[in-house]
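> Provided herewith is a single structure, encoded as structure tokens, for subsequent inquiry.
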Amino acid sequence: MDKETDPQLHVPEPAIRPGDTPDFSHVEIPRAGEVRRPDPGENPQEMRDLAFSIIRVLNRKGEAVGPWADSLSDEALQEGLRHMMTLRAYDARMLKAQRQGKTSFYMQHLGEEAIACAFQKALRKGDMNFPTYRQAGLLIASGYPMSDMMNQVYSNEADPVRGRQLPVFYSSKEHGFFSISGNLATQYVQAVGWAMAAAIKGERKLSVGWIGDGSTAESDFHGALVFASTYKPPVILNIVNNQWAISTFQGIARGGAGTFAARGHGFGLPALRVDGNDYLAVHAAAAWAVERARRDLGPTLIEYVTYRAGGHSTSDDPAAYRPKEEGAAWPLGDPILRLKTHLIQKGLWSEERHTQAEAEVMDGVIAAQKEAEAIGTLHSGNRPSPREMFEDVYAEMPPHLVRQRHEVGY
Amino acid sequence: MATEILMPALSPTMEEGTLAKWLVKEGDTVSSGDILAEIETDKATMEFEAVDEGIVGKILIEEGTEGVKVNTPIAVMVEEGESADDIEVSSAPKEEAKPDNPEEKPAAEAPKSKPADTSPDWPEGTEMKKQTVREALRDAMAEEMRRDEDVYLMGEEVAEYQGAYKISQGLLDEFGPKRVIDTPITEHGFAGVAVGAAFGGLKPIVEFMTFNFAMQAMDQIINSAAKTLYMSGGQMGAPMVFRGPNGAAARVAAQHSQDYAAWFMQIPGLKVAMPYSASDYKGLMKTAIRDANPVIFLENEILYGRTFEVPDIDDYTVPFGKARIWREGDDVTIVSFGIGMQYALEAADKLAEDGINAEVLDLRTLRPMDTDAIIRSVKKTNRCVTVEEGWPQGSVGSYISSVIMQEAFDYLDAPVINCTGKDVPMPYAANLEKLALVTTDEVIEAVHKVTYR
């Protein structure tokens with residue numbers, strides 16, 4: 001044995017902190033089109049390499065290249081761009097609304113728009129997402145009314161969840177969007193259970209669990225992988241690695257593991273690592289995992305490499321823990337800009353049309369906002385009825401709640 | 001010197017078993033560690049080894065004999081030159097090998113208390129059959145699984161092993177591995193999976209090997225199962241049952257003995273059942289499985305083997321929120337639930353000998369709780385004692401006391417007394433364990449206090 005030494009506590013540190021020059025040279029980015037696309041039926045043991053690279057489709061010139069390209073029609077690409085632009089415009093308005101006191105709290109998606117918007121387009125009606133905080137793109141891409149999203153954020157009388165949930169904790173069974181859990185990660189193992197139910201009932205539908213890099217540390221994440229690995233239900237387990245869990249960089253949750261995707265290997269799950277800022281790559285990976293689920297080949301784990309360009313929430317100032325310029329230096333770029341460049345390169349889009357589309361999208365968002373604000377906001381207008389406070393505690397209201405409701409005058 | 005070989009116990013709660021097979025015959029010489037016989041209970045099979053060397057002098061219990069009480073002599077070992085015929089053998093179980101206080105050993109039958117005539121659970125003249133709590137629970141689940149194919153059972157050891165306490169006997173055979181599912185050892189994990197499955201349209205029954213292990217799953221039970229119907233604006237609820245043994249059994253110490261009745265009872269969105277008799281186990285379990293809400297079903301390991309009369313009725317259900325009056329009386333109301341009923345009924349029997357007539361109420365469900373029945377009874381008796389095994393602070397009894405104070409204060413002739421377990425984690429040692437639990441004597445003493453006699 002070599003010389004014995006005192007043990008040292010190893011605390012991972014991000015490469016850079018405020019005051020440093022942003023540097024992502026440690027993030028290995030393969031060229032677009034470089035990563036192979038195995039058949040979805042291939043043995044997971046034979047595709048371990050995919051957890052250590054990054055599947056990318058759009059190159060620097062905006063061309064779609066490689067075996068993961070061509071999963072979307074021209075119309076679908078244009079629709080995808082519009083969804084991402086809509087989400088960004090929505091975020092901008094809701095951030096302002098929060099600063100104006102119309103709601104108490106908001107969480108934006110800046111830089112991560114491609115992931116949920118593209119993923120949703122690989123699903124069909126009847127499938128179920130178990131989302132976390134930054135997946136409102138699922139709702140936008142599935143046609144959920146924006147005014148209802150705003151009604152939820154404003155917690156007004158028309159709030160679909162009746163004033164019971166924090167802003168951005170949307171829920172729509174109809175649109176395959178489960179409720180959001182503030183105690184992180186509970187939804188991940190529930191997604192596996194939901195898929196097990198589909199398998200037990202023999203129903204052709206799948207579920208999707210969503211989790212952030214930080215909350216992969218929760219036991220729910222590990223429980224989900226155990227059950228996914230054991231019972232192989234039709235579930236897709238998504239990890240959105242946006243580099244930051246509030247002020248904690250992803251290395252704290254990841255520790256010495258190579259990648260988050262590689263966590264799947266210990267469970268025998270196929271694991272992909274995808275450029276989260278590349279709409280086409282996200283959609284292609286999603287479609288590949290969806291095919292596995294639909295062919296009853298079992299679960300897939302996907303890590304989306306992205307960057308949270310904004311704060312964690314409206315309560316957070318990221319300048320305290322990372323350089324302000326870091327977002328601009330992020331090597332995978334802006335998902336909207338990248339898809340726009342691709343569409344222009346394909347001759348389907350132009351700067352003029354883009355500017356026009358931005359104005360149209362913003363008009364739509366403002367119209368929805370007017371509609372929602374006409375009903376009410378957090379502190380004004382029509383707010384949820386206290387009558388409803390006592391409903392849905394149980395499937396049928398028990399007598400003591402009827403009594404309490406009467407006592408408060410409803 | 002000749003020695004008797006006694007029927008062994010596989011666990012502190014085993015009362016009897018089957019002597020399945022002798023592996024030795026009279027006249028055989030055995031060494032320490034040789035296997036003498038195979039013993040079976042409804043929970044497990046065990047090979048029974050010789051402790052000392054000797055000769056099998058006489059076999060007292062034939063192989064294949066069922067219902068052999070623990071500590072009954074089953075064979076006689078002799079030394080060379082001795083004859084087994086010289087030895088007097090009693091066929092009764094040996095008292096000295098029992099736990100140090102015979103009172104703590106659960107009686108094979110329920111204490112004799114006549115159900116009040118007011119009991120509405122089954123019509124007069126109904127045929128009754130004898131059933132253990134274990135069988136009643138199994139029947140309830142099997143009946144509901146036949147009735148509704150969305151009902152399934154999952155947990156550790158529920159399938160192949162038929163449950164750590166043999167509650168799921170025969171279910172795997174009847175319903176197959178897709179509806180009776182052995183899970184990996186993660187309470188948090190399988191509770192979460194089951195909650196997700198409930199959102200996905202199934203009606204899961206989740207077995208916890210003990211509710212002590214459910215602490216790991218509390219986040220899924222409370223934050224998700226209980227609250228999601230509310231949080232999703234009524235869109236998605238969790239119709240499911242979390243069940244398993246709760247409270248003390250015997251010799252299983254601090255991490256296997258806690259009574260969680262008061263914890264779960266506090267949560268809006270949950271329903272909580274904690275039955276005592278086999279008929280209530282059956283009827284309430286069927287109701288629980290059909291309920292559209294998450295139900296916590298708190299069972300008791302000591303009661304599993306206890307036999308009660310169960311009505312022989314197709315599709316027998318018991319409604320939630322309806323207390324059962326086991327015994328009518330005018331002098332004091334004793335309110336209890338689950339195994340606490342054992343102390344309440346024993347105390348009532350002994351008090352009757354002193355001329356004190358206690359009314360004994362079995363709450364059966366704690367949420368919803370039949371507080372109307374409590375208030376009605378207290379208005380009649382003017383005195384109340386509550387009985388539970390759980391800890392005193394924030395107990396079920398303390399909630400009952402507050403309800404009585406608010407709704408029947410003027411009817412009280414004495415303060416309500418809560419008989420509870422002692423405020424300590426459960427110790428292992430048999431004498432300490434007994435002391436830590438509520439006792440019949442404490443209930444009797446409390447009744448004397450509130451009746452001033």
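The values are calculated or read from the model by the stated rules, or taken from the named source; none is laboratory data. Only a predicted model underlies this, so the values are computations on that prediction, with no experimental measurement involved. A quick note on method: Cβ atoms are made from the backbone with ideal geometry, for glycine too, and the neighbour counts reach across all protein chains shown.
> Given A:Ser229, A:Ser215, which one is at the interface with chain B (Cβ under 10 Å from one of its Cβ atoms), surrounded by fewer than 24 Cβ atoms within 10 Å (Cβ to Cβ) and not in a strand (DSSP E or B)?
The unique qualifying residue is A:Ser229.
> Still on this model: In the range A:177-193, which residues are more than 17 Å from A:Leu269 (Cβ to Cβ) and in a helix (DSSP H, G or I)?
A:Thr186, A:Gln187, A:Gln190
> How many residues does the range A:129-147 contain that are closer than 16 Å to A:Gln187 by Cβ and not β-branched (Val, Ile, Thr)?
Count: 9.
> Which of the numbered conditions does B:Ala194 fail, given that it passes all the others? Conditions: (1) more than 8 Å from chain A (Cβ to nearest Cβ); (2) aliphatic (A, V, I, L, M); (3) not in a strand (DSSP E or B).
The one condition B:Ala194 does not meet is (1).
> For the range B:207-262, how many residues are out of contact with any strand residue (DSSP E or B) (no Cβ under 9 Å at 6 or more places or on another chain), of a type in the set (A, V, I, L, M, F, W, C) and part of a helix (DSSP H, G or I)?
7
> Hey, can you tell me all the residues within the range B:291-329 that are within 14 Å of chain A (Cβ to nearest Cβ), of a type in the set (A, V, I, L, M) and touching a residue at least 60 places away in the same chain (Cβ under 8 Å)?
Result: B:Ile296, single match.
> Could you list, in sequence order, the residues of the range A:43-65 that are farther than 18 Å from A:Pro270 by Cβ and surrounded by fewer than 22 Cβ atoms within 10 Å (Cβ to Cβ)?
A:Asn59, A:Arg60, A:Lys61, A:Gly62, A:Glu63, A:Val65, listed by residue number.
> Report yes if A:Lys205 is surrounded by fewer than 24 Cβ atoms within 10 Å (Cβ to Cβ), over 23 Å from A:Ser53 (Cβ atoms) and within 8 Å of chain B (Cβ to nearest Cβ), otherwise no.
The answer is no for A:Lys205.
> Further, regarding this structure: Before we move on, is B:Pro184 over 23 Å from the mean Cα position of the chain (by Cα), assigned to a loop (DSSP other than H, G, I, E, B) and more than 18 Å from B:Glu149 (Cα to Cα)?
Considered against the rule, which asks whether it is over 23 Å from the mean Cα position of the chain (by Cα), assigned to a loop (DSSP other than H, G, I, E, B) and more than 18 Å from B:Glu149 (Cα to Cα), B:Pro184 comes out as yes.
> Kindly indicate whether A:Gly19 is on the phi > 0 side of the Ramachandran plot and either among the aliphatic types (A, V, I, L, M) or buried (at least 17 other Cβ atoms within 10 Å of the Cβ) (or both).
Criteria not met by A:Gly19.
> Could you look through the range B:14-69, keep only residues that are among the β-branched types (Val, Ile, Thr) and part of a loop (DSSP other than H, G, I, E, B), and pick out the one that is surrounded by the fewest Cβ atoms within 10 Å (Cβ to Cβ)?
Looking at the filtered set, the residue picked out is B:Val51.
> Let me ask something else about it. Among the candidates A:Val235, A:Val189, single out the residue that is aliphatic (A, V, I, L, M) and either more than 7 Å from every other protein chain (Cβ to nearest Cβ) or at positive phi (or both).
After ruling out the rest, the residue left standing is A:Val235.
> While we're looking at this one, here's another question. Hey, any hits in the range A:363-381 for a residue that's buried (at least 17 other Cβ atoms within 10 Å of the Cβ), of a type in the set (D, E, K, R) and more than 21 Å from the chain's Cα centre (by Cα)?
Yes, the range A:363-381 contains a residue that is buried (at least 17 other Cβ atoms within 10 Å of the Cβ), of a type in the set (D, E, K, R) and more than 21 Å from the chain's Cα centre (by Cα).
> Among the residues that make up the range B:155-176, is at least one of them modelled with pLDDT of 95 or more, under 21 Å from A:Leu225 (Cβ atoms) and either surrounded by 24 or more Cβ atoms within 10 Å (Cβ to Cβ) or under 18 Å from the mean Cα position of the chain (by Cα) (or both)?
yes
> Would it be correct to say that A:Ile200 is β-branched (Val, Ile, Thr), in a helix (DSSP H, G or I) and more than 29 Å from A:Asn59 (Cβ to Cβ)?
yes
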